[in-house]
Amino acid sequence: MSEPSPPRPPRWLSATSRPPGRTGPADDRTRADEALRRIRAGEWLVYAGDFRNARQLLVALARRLEPRPGVRPDPAEAFRRERHRRREAHLLLNRLLVPVGPGWKVGLAHAPDVAEALRDILGEPPAEGGLLPLRELLGAVGAREWRRKGVEVPALGGRVHPHHGVFAPVRGEYVELVAAELAGRDLAGRRAFDVGTGTGVLAFLAARRGASVVATDVEPRAVACARENAERLGLAAAVEVREASLFPEGRADLVLCNPPWIPADAHTPLERAVYDPGGRFLSDFLAGLPSHLAPGGEALLVLSDLAERIGLVAPGWLETAIGAAGLERVAVRSAPASHPRARDEDDPLHLARASEVTFLHVLRVAASGAAGMG
């Protein structure tokens, strides 16, 4: 008589973390120091007990991974340490797991109803359920609330509703810079591109000035998000959203771009809106821009100088890159950082963030390049 086959491990439900290796139990008696020791030793903890206690355990674990007070290093070293800490926190905190059953029902006492939040990011629930990092589940719940409430954008006179994994326009200075630049322009009958559209906010500013806009993003979530926001704002007829890595085909009278501004690796899908590994996105954007601008067309490139203040790029690097691409800068606007982290003295990069400036660069094809456009 053959031996029964071993039980199949629970289905892994995460969209952002690798499946667990060795798993072990945790419950309402598990202390944070013990949990962290086990997690660091390579164990994934499957929680059984009260959802509220599981959440408290996660908070306690996160607190133990925060940086300790001490002498602050120079900005470049502070950035390196902070990125390492965040990477470690992402890996370790995602090892506290909760059981999720059919219908996206969390199998813990006092668990909230998370079905809609999980459906947003993971689709329809599998019949047998499985395991999910508690941190990812809470992130989905928070993202669902962001999506429901939306973010007020004064320059639009309305709200945009970010989807899970899509960067919300909470850094208002870049939106205000573009709005101020477009205020004096009549874009009726003009074609515009918005490259890396995210929620679609810059495309909507151009559409409100009369432009016909094609907005692109490489992330399917961002494409769906921008389309939904266009519908909400009554701009679906003026803004076409496409999935593409950079430019759509053809040329435009106006090209908008607020690219990721820090040349470093992204640890999560959401971080791709901020971190550009090797600066490839910006480099490819500048290289492709001349062949996508109509004669006399302009691009509005919005970029923070934080990377330069941290020491990740050399002073004057952007001007060099613009010239190397056959472009010239014809105007510039700037605004100091107004986001909350610029005022957070506990932030490891506070000195750099407090002096951060966001610039809007108005670019054209240089005269020598324009002569060869045909």
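The values are calculated or read from the model by the stated rules, or taken from the named source; none is laboratory data. Predicted model only: the values in this text are computed from it and were never measured. Quick reminder, even Gly has a Cβ in these numbers, built from the backbone with ideal geometry, and neighbours come from all protein chains shown. Side chains are part of the model used for accessible areas, which takes the heavy atoms of the whole protein and leaves out ligands, DNA and RNA. Shrake-Rupley method; radii C 1.70, N 1.55, O 1.52, S 1.80 Å.
The alpha carbon radius of gyration of the range 94-185, expressed as a multiple of 2.2 N^0.38 Å, is 1.45.
The angle separating the long axis of helix 75-93 from the principal Cα axis of greatest extent in the chain is about 40 degrees. Each of GLY234, PHE79, GLY158 was placed along the dipole of the chain (beta-carbon charges, centred on the mean Cα), and the one lying farthest toward the positive end is PHE79.
For the range 162-204, the Cβ-based charge dipole about the Cα centre amounts to some 140 debye (Lys, Arg positive; Asp, Glu negative; other atoms uncharged).
Its alpha carbons considered, the range 7-108 gives a radius of gyration followed by a Dmax of 15.7, 53 Å. Binning the alpha carbon pair distances of the range 146-206 at 10 angstrom intervals from zero yields the distribution 21, 54, 22, 3, expressed in whole percent. Comparing LEU92, ALA366, LEU122 along the charge dipole axis of the chain, the residue lying farthest to the positive side is LEU92, per the Cβ-charge model. The long axis of helix 220-232 is offset from the longest Cα principal axis of the chain by roughly 70 degrees. If only the Cβ of Lys and Arg carry +1 and only the Cβ of Asp and Glu carry -1, the dipole of the range 244-374 around its Cα centre is close to 280 debye. Using Cα springs under 10 Å in a Gaussian network model of the chain, which residue among ALA168, ALA236, ALA324 shows the largest mean-square fluctuation? Between ALA168, ALA236, ALA324, it is ALA324 that shows the largest mean-square fluctuation. If you take every DSSP beta bridge whose two residues both sit in the chain, what share of them, in percent to the nearest 5, is antiparallel? About 45 percent, rounded to the nearest 5.
Using a probe of 1.4 angstrom and keeping all protein chains present, the accessible surface of the range 202-336 works out to 42 square angstrom per residue.
Per residue, the accessible area of the range 88-175 comes to 41 Å² when a 1.4 Å probe rolls over the protein heavy atoms.
Accessible surface of the range 152-222, 1.4 Å probe: 50 percent of it comes from carbon and sulfur atoms. Assuming a viscosity of 1.567 mPa s and a temperature of 4 °C, what translational diffusion coefficient in µm² per second does Stokes-Einstein assign to the chain, Rh being the Kirkwood radius over Cα pairs? Rounded, D is 57 µm²/s. Reported to the nearest whole Å, the Cα centre-to-centre distance from the range 93-149 to the range 157-179 is 26.
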